[in-house]
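Visitor: Sharing a structure here in structure tokens format.
The values are calculated or read from the model by the stated rules, or taken from the named source; none is laboratory data. On a predicted model such as this, the values are computed, not experimentally measured, just so you know. Please note: Cβ atoms are built from the backbone with ideal geometry, for glycine as well, and neighbour counts cover all protein chains shown. These area figures cover heavy atoms from the full protein model, side chains too; ligands, DNA and RNA do not enter into them. Shrake-Rupley method; radii C 1.70, N 1.55, O 1.52, S 1.80 Å.
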Amino acid sequence: MKKFLLYLILFLALAGAADAGYLLIQIVSGQAVVCPSVPLGRFNLNQCNIVLATPYAKILGLPNALYGLTAYLFFAILVLYELSKNQKTGSIKFLSYLAGFGLLTFVYFIYLQFFVIKALCFYCLLSAFIMTLIFALITIYNFRYS
């Protein structure tokens, strides 16, 4: 079960990297992001381009997707490092702090989408869901195996 959790976290980190990578490629190339049209109450999840055109889509002049891609790839590296060793390395404990920070960041971004921008991005919400799952799995891993 220990390795299964780590592989599941690795899979989610790579899925998050793919999600953030797609957004980054579209942003850098100047192309519109293609989002599925999924109604969600008074919102629709196909408003990615509206969300990505706001000033909240960048921090220090760099797209948030770049930070997300970097974070997910770093998560994958930490999990691979833990998997490659036969002993505890502390990398998963460090990853739990990073994932906690990532989760808090996504809570803020979701708040912005619902209450400030009033538009939802499918890929942003997908990334928030992935980060939440990673945080939950890391928490379970730490309680069971640390």
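Visitor: Determine the order of 6, 52 by accessible area, beginning with the largest, at a probe radius of 1.4 Å.
Guide: My answer, sorted largest first, is 52, 6.
Visitor: Okay, next question. Taking a cut-off of 27 Å between Cα atoms, list the lysines near residue 88, but don't count ones fewer than 8 places away on the same chain.
Guide: 2, 3
Visitor: What translational D, rounded to a whole number of µm²/s, comes out for the chain from Stokes-Einstein when the hydrodynamic radius is the Kirkwood one over Cα pairs, at 4 °C and 1.567 mPa s?
Guide: Approximately 82 µm²/s, per Stokes-Einstein.
Visitor: Computing the accessible area with a 1.4 Å probe over protein heavy atoms, can you report the carbon and sulfur percentage for the chain?
Guide: Numbers: 5890 of 8250 Å².
Roughly 71 percent of what the probe reaches on the chain is carbon or sulfur.
Visitor: Per DSSP H run of at least 4 residues, take -39500 (n - 2.57); add these up for the chain, divide by its residues and hand me the 222 nm value, nearest 500 deg cm²/dmol.
Guide: It lands at -23500 deg cm²/dmol.
Visitor: If you count only protein heavy atoms and use a 1.4 Å probe, how large is the accessible surface of residue 56, to the nearest 10 Å²?
Guide: 90 Å²
Visitor: Only Lys, Arg, Asp and Glu count, each charged at its Cβ (+1, +1, -1, -1), so figure out the dipole size of the chain about its Cα centre, rounded to 20 debye.
Guide: With Lys and Arg at +1 and Asp and Glu at -1, about 340 debye.
Visitor: Return, ordered by residue number, the residues of region 17-40 whose backbone nitrogen is under 18 Å from a label point located 7 Å along Cα→Cβ of residue 77.
Guide: Label zone hits: 17-18, 20-21.
Visitor: Turning to a different aspect of this structure: What nm value, rounded to one decimal, do you get for the distance between residue 28 and residue 116 when each label is placed 7 Å out toward the C-beta?
Guide: Each label point is offset 7 Å from its Cα along the Cβ direction, giving 2.6 nm.
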